[in-house]
Protein chains: 2
Amino acid sequence: MQIPTLDDMLAARRRIAPHVHNTPVMTSRKLNELVGAQLFLKCENFQKAGAFKARGALNAVLGLSEEQAANGVATHSSGNHGTCLAYAAGRRGIRCTVIMPHTAPQAKKDAVRGYGGSVVECEASTSSREAVFAEVVAATGAEFVHPYNDHRVIAGQATCSAELIDQVEGLDAVVAPIGGGGMISGTCLTLSNLAPNIEIFAAEPEQADDAYRSFKAGHIISDDAPSTIADGLKVPLKPLTWHFVSSYVTDIKTASEQEIIEAMKLIWKWMKIVVEPSSAVPLATIIKNPQPFAGQRVGIIITGGNVDMEKLPWA
Amino acid sequence: MQIPTLDDMLAARRRIAPHVHNTPVMTSRKLNELVGAQLFLKCENFQKAGAFKARGALNAVLGLSEEQAANGVATHSSGNHGTCLAYAAGRRGIRCTVIMPHTAPQAKKDAVRGYGGSVVECEASTSSREAVFAEVVAATGAEFVHPYNDHRVIAGQATCSAELIDQVEGLDAVVAPIGGGGMISGTCLTLSNLAPNIEIFAAEPEQADDAYRSFKAGHIISDDAPSTIADGLKVPLKPLTWHFVSSYVTDIKTASEQEIIEAMKLIWKWMKIVVEPSSAVPLATIIKNPQPFAGQRVGIIITGGNVDMEKLPWA
C-alpha cells in the first residue's frame with residue numbers, strides 16, 4: 001500500500017494545473033446567518049467535467065509512462081470518476097474504457113462517450129463487473145485507475161484543499177462528503193501537512209453511513225448496496241482511504257435524505273449554483289449540528305454539479 | 001423626460017459600489033462549441049437579491065435627498081424590481097412599499113418582506129393597481145421608483161456593462177434580454193459612450209414580442225397581457241427606454257418558449273449556474289440565429305437567478 005505524500009500532492013498540482021480550473025470559493029450571507037458560521041464553498045461543480053474527480057483522474061493519467069499510456073486506462077464507475085477519467089484520457093490522447101452496468105443512466109454513458117471514452121456494459125452485479133473488467137484489461141493491457149483507493153488519485157484530490165487554503169485565510173474547519181473517501185483522504189493529506197490546526201469533518205448520508213460506523217468501530221465496515229440520492233457516496237472505504245480517515249478526521253456526521261434535499265435546495269436557491277446531492281451533505285450536517293462550528297470559518301467542498309435536470313430529487 | 005448620461009452612470013457606479021457585487025464573467029467551452037462563438041456570461045444571478053435590478057434600485061434609493069428618503073420609496077412589481085427595491089431601501093434604512101396583485105406568488109411577497117419591505121395587495125388589474133398605488137403614495141409621500149422608465153434606474157443598470165467591458169477585452173457584441181428595456185437602455189448608455197464599436201442585440205420571447213414589433217414599426221407597441229415563462233419580460237417599452245432602443249440597438253431577435261427552456265437547461269447543465277428563464281433568452285436567440293455571431297466575442301447579460309425550484313418550466 002503506497003501512501004501518497006505531500007510531495008505527491010505538490011507534483012500533482014504542477015502536473016494537472018494546465019487542465020483544471022482553480023475553482024472559485026463562494027459565500028452566502030443568507031447561509032451564514034442560517035448556520036451561525038462563515039461558510040466558504042469550494043466550488044468543484046465548476047471543475048472540468050463537473051466534478052473534483054477530474055483532479056485525481058488527471059494526475060493518474062498524466063503520470064503514466066509512455067509505455068503504460070500506450071495501452072490506455074480503464075475503470076469501473078457509473079459516476080463522476082468514469083466521466084472524469086475519460087476527460088483526463090482525452091487530454092493525453094489515450095484510450096479510456098469505462099465498465100458500467102447496462103442499467104446505468106443513459107446520461108452517464110453519454111458523458112463518458114462525449115469525452116471520447118468507450119463504455120463497456122456489464123450486468124448489475126459485482127461478479128459480472130469484475131469478470132468484464134478482467135476481460136477488458138486482458139485484451140488491452142489498460143492501466144486500472146481505481147476511483148479512490150489509488151495513491152495517484154488521492155494525491156490529485158488533495159490539490160483541492162491546497163487551493164482552498166490559498167484562497168481563504170484562517171479556516172477553522174473543512175467539511176467534505178465521504179463515500180469511498182477519496183476527497184476526504186486528499187483533504188487529510190494536504191491539511192495534516194500544511195494546516196494541521198484545521199479540523200476535518202466528513203459528512204455522510206444516514207442511509208449509506210458505513211464510513212460513520214467504520215469510524216466508530218475502528219475498522220472498515222462495508223454495506224452491500226446502500227440506497228441514497230447522494231449517489232456518489234454509496235461506495236465503501238478501502239485500506240488507503242481508511243488510513244487517512246482513521247488518522248486525521250475529527251468526526252463524521254450524518255444527515256437524512258430529506259435533510260440533504262433541503263440543503264441542496266438552499267444552495268440552489270441562495271447561491272444560484274447547481275450542485276449534486278452529494279455536495280449538499282456537508283451543509284445538511286452543519287444545519288443539523290451547528291454547535292461545533294458556531295462562529296467559525298468553515299470550508300465546504302462542493303464536490304460536483306452533475307445532476308439529471310429531469311429528475312430533481314424534490315420534483 | 002430626463003435622459004441619463006455617461007456621468008450619471010459613473011456617479012451610479014461610485015454610489016452603489018459598496019452594496020453590489022462586481023459579478024463574475026463565466027465561460028463554457030461546451031456552449032462556445034455549440035454556437036460557434038466565444039460567449040462571456042455576465043452573471044447577475046449572483047448579484048445582491050439575485051438580479052441586476054439591485055443596481056438601478058440602489059442608485060435611485062441612495063441618490064434621494066434626506067427629505068425624500070424620509071418618506072420612503074414605493075413601486076409596483078411582482079418581479080425582481082420589487083425585491084431589489086426592498087433590498088436597496090433596507091441598505092439605506094428607509095421604508096419600501098411594493099404593490100402586488102394578491103395573485104402574485106407567495107415567494108415573491110416573502111422575498112420583499114425578507115428584505116424588510118411592505119407588501120400591499122391589489123386586484124390583478126391595471127386600474128386596481130393604479131388606484132392602490134395612488135393611495136399608498138398619498139398616505140406616505142413615498143418616492144415612486146419605476147422598474148425601468150426612470151433615468152436613475154437606467155443609470156444604475158448601465159453599471160453592469162461598464163463592469164463587463166472592464167472584465168472582457170475586445171467584445172464584438174452584447175446580447176441582453178428585453179422586456180421594458182431597462183437593462184438594454186443601460187447597456188446602450190454605457191456602450192454607446194465607452195465602446196461604440198460593440199453591437200447591441202436585444203433578445204425577446206416570441207410570445208411577448210412587443211419590443212421586436214415596436215423596433216420594426218418605429219414606434220412603441222404594447223401588448224395587454226402577454227404570456228411567457230420569461231416572466232420578467234412581459235412589460236412594454238416606455239418613452240425613456242424607447243429612446244435608447246430606437247437609437248442604439250442593432251437588432252432584436254426572438255425565441256419560442258421551447259427554445260428558451262432548452263437554452264435554460266443548457267446553461268444549468270453545462271455552466272452549473274441557476275438562471276431564471278429571462279436570462280436564457282439571449283442564448284436561445286443565438287442558438288437560433290448563430291450567423292451574426294460566428295467567430296465573435298459575445299457578451300451575454302445573465303439577468304437573474306430567482307427561480308421557483310418547485311415549478312421548473314421543464315418539470
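The values are calculated or read from the model by the stated rules, or taken from the named source; none is laboratory data. Note that the structure is predicted; figures quoted are calculated from it, not measured. Here the Cβ is made from the backbone with ideal geometry for all residues, glycine too, and neighbour counts use every protein chain on show.
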B:Gln47 fails exactly one of the following numbered conditions: (1) surrounded by 24 or more Cβ atoms within 10 Å (Cβ to Cβ); (2) touching a strand residue (DSSP E or B) at 6+ places or on another chain (Cβ under 7 Å). What is the number of that condition? (2)
Every listed condition ((1) within 14 Å of B:Trp314 (Cβ to Cβ); (2) touching a Gly at 6+ places or on another chain (Cβ under 9 Å)) holds for B:Phe293 save (1)
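Among A:Pro177, A:Pro196, which is the only one that is modelled with pLDDT of 95 or more and surrounded by 21 or more Cβ atoms within 10 Å (Cβ to Cβ)? Explain how you work it out, then say what you get.
Details: A:Pro196 fails: surrounded by 21 or more Cβ atoms within 10 Å (Cβ to Cβ).
Just a single option satisfies the conditions, and that option is A:Pro177.
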Would you confirm, using the coordinates I've provided, whether A:Val132 is of a type in the set (Val, Ile, Thr) and surrounded by fewer than 20 Cβ atoms within 10 Å (Cβ to Cβ)? yes
Breaking point among (1) assigned by TED's automatic domain parsing to the domain that holds A:Ile198; (2) hydrophobic (A, V, I, L, M, F, W, C); (3) within 20 Å of the chain's Cα centre (by Cα), for A:Cys84: (1)
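Residues to consider are B:Arg29, B:Arg14; find the one that is surrounded by fewer than 20 Cβ atoms within 10 Å (Cβ to Cβ) and modelled with pLDDT under 95.
Details: B:Arg14 fails: modelled with pLDDT under 95.
Going through B:Arg29, B:Arg14 in turn, just one is surrounded by fewer than 20 Cβ atoms within 10 Å (Cβ to Cβ) and modelled with pLDDT under 95: B:Arg29.
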Among residues of region B:145-172 being over 18 Å from B:Cys43 (Cβ atoms) and in contact with a strand residue (DSSP E or B) (Cβ under 6 Å, 6 or more places away or on another chain), the residue surrounded by the most Cβ atoms within 10 Å (Cβ to Cβ) is B:Val145
Which residues, counting only those in region B:52-75, are closer than 22 Å to B:Asp308 by Cα and in contact with an Asp or Glu (Cβ under 8 Å, 6 or more places away or on another chain)? B:Phe52
Are any of the residues in region B:249-272 surrounded by 20 or more Cβ atoms within 10 Å (Cβ to Cβ) and at positive phi? yes
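Could you say whether any residue in region B:54-74 is crowded, with 23+ Cβ neighbours inside 10 Å and within 14 Å of another protein chain (Cβ to nearest Cβ)?
At the first step, the residues of region B:54-74 found to be crowded, with 23+ Cβ neighbours inside 10 Å are B:54-61, B:73-74.
Okay, now just the ones that are also within 14 Å of another protein chain (Cβ to nearest Cβ), so B:54.
Scanning region B:54-74 turns up at least one residue that is crowded, with 23+ Cβ neighbours inside 10 Å and within 14 Å of another protein chain (Cβ to nearest Cβ).
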For region B:79-113, enumerate the residues that are touching a residue at least 12 places away in the same chain (Cβ under 8 Å), surrounded by fewer than 21 Cβ atoms within 10 Å (Cβ to Cβ) and not charged (D, E, K, R). B:Gly90, B:Ile94, B:Pro101, B:His102, B:Thr103, B:Ala104, B:Pro105, B:Ala107
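May I ask you to verify whether A:Thr97 is out of contact with any helix residue (DSSP H, G or I) (no Cβ under 8 Å at 6 or more places or on another chain) and either under 30 Å from A:Leu39 (Cβ atoms) or not assigned by TED's automatic domain parsing to the domain that holds A:Leu191 (or both)?
Details: out of contact with any helix residue (DSSP H, G or I) (no Cβ under 8 Å at 6 or more places or on another chain): no; either under 30 Å from A:Leu39 (Cβ atoms) or not assigned by TED's automatic domain parsing to the domain that holds A:Leu191 (or both): yes.
Taking the combined requirement at face value, the residue does not satisfy it.
Hey, can you tell me all the residues within region A:14-59 that are basic (Lys, Arg) and free of Cβ contacts under 8 Å to residues at least 60 places away in the same chain? Can you show your working first?
Here is the first cut: in region A:14-59, the residues basic (Lys, Arg) are A:14-15, A:29-30, A:42, A:48, A:53, A:55.
If the condition is that a residue be basic (Lys, Arg) and free of Cβ contacts under 8 Å to residues at least 60 places away in the same chain, then A:Arg14, A:Arg15, A:Arg29, A:Lys48 are the ones that fit.
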Please state which of the following conditions A:Val175 fails to meet, knowing it meets all the rest: (1) assigned to a helix (DSSP H, G or I); (2) under 17 Å from A:Lys42 (Cα atoms); (3) touching a Phe, Trp or Tyr at 6+ places or on another chain (Cβ under 6 Å). (1)
